[in-house]
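Each remark here refers to the structure printed beneath this line.
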Amino acid sequence: MFKVKILTVGKSREIWLKEALEEYEKRLSRILKLEWSIAKDRPQLIDLAKNETALIALDLQGELLSSEDFSQKFTLALIEKGARLTFIIGDADGFPDELLNRSFWRWSLSPLTFTHQMVRLILIEQIYRALEIEKKSGYHR
């Protein structure tokens, strides 16, 4: 089974976000194991990322992709990286160079700026969409 870990900073108290994330986690649970690691601050986030080998940094300066291109690159990365990927969502100051240099892929969701809470939801939905595109389901139209 595929494994995806998401590293991020700060807990969210918004009920609407929790419900939306739970819905996508439920949908994804049939396909992959999803794990969240929530750091309290930037140093802890960097520490959590130290032992991760297949690191994908969500970075404003990263690669912009369509959903179809993301699907292709994501599924290929799962295969090439031993079925385990780790996404890292930085804080408002982005990432230190050492972390960016360790990432095998820098991906930008959009040139727009989003809250950390919105990034979590957009990321998990795009992971689900990527797998549905690969399955050729009717989800992505």
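No lab work stands behind these numbers, since they all come straight from the coordinates. Note that the structure is a prediction, hence the values are computed from the model and not measured. FYI the Cβ positions are ideal-geometry reconstructions off the backbone, even for glycines, and counts take in every protein chain you see.
Cross-linked pairs 40/136; 40/135; 5/136: Cα-Cα separations exceed 30 Å for 40/136; 40/135. Straight-line cross-link partners of residue 33 among the aspartates and glutamates, defined as a Cα under 15 Å from its Cα and at least 8 positions apart when in the same chain: 22, 23, 25, 125. Picking from 31, 15, 124, which is most flexible by a Gaussian network model of the chain using Cα springs under 10 Å? For the chain, modelled as a Gaussian network with Cα springs under 10 Å, the answer is 15.
For the chain, what does the relative contact order come out to in percent, with C-alpha contacts under 8 Å and a separation of six or more?
Result for the chain is 34 percent.
In a solvent-free Debye calculation with one equal scatterer on each Cα, what is log10 I(q)/I(0) for the stretch 1-109 at q = 0.10, 0.19, 0.23 Å⁻¹, listed in the order of the q values? With no solvent term, the Cα-only Debye profile gives -0.29, -1.11, -1.48.
What does the highest-first list of 129-135, 90-96 look like by mean Cβ count within 10 Å? Intermediate values should be presented prior to the final figure.
Working: 129-135: 18.0, 90-96: 14.7.
Going by the mean number of other Cβ atoms within 10 Å, highest first, we get 129-135, 90-96.
Just to be sure I understand: if I project the alpha-carbon convex hull of the stretch 65-141 onto a plane and average over all orientations, what area do I get in nm²?
On the way: hull surface 22.7 nm².
For the Cα atoms of the stretch 65-141, the hull's average projected area reads 5.7 nm².
Measuring against 24 Å, Cα to Cα, the residue pairs 3/26; 50/81; 18/81 contain 18/81 as the ones spanning a longer distance.
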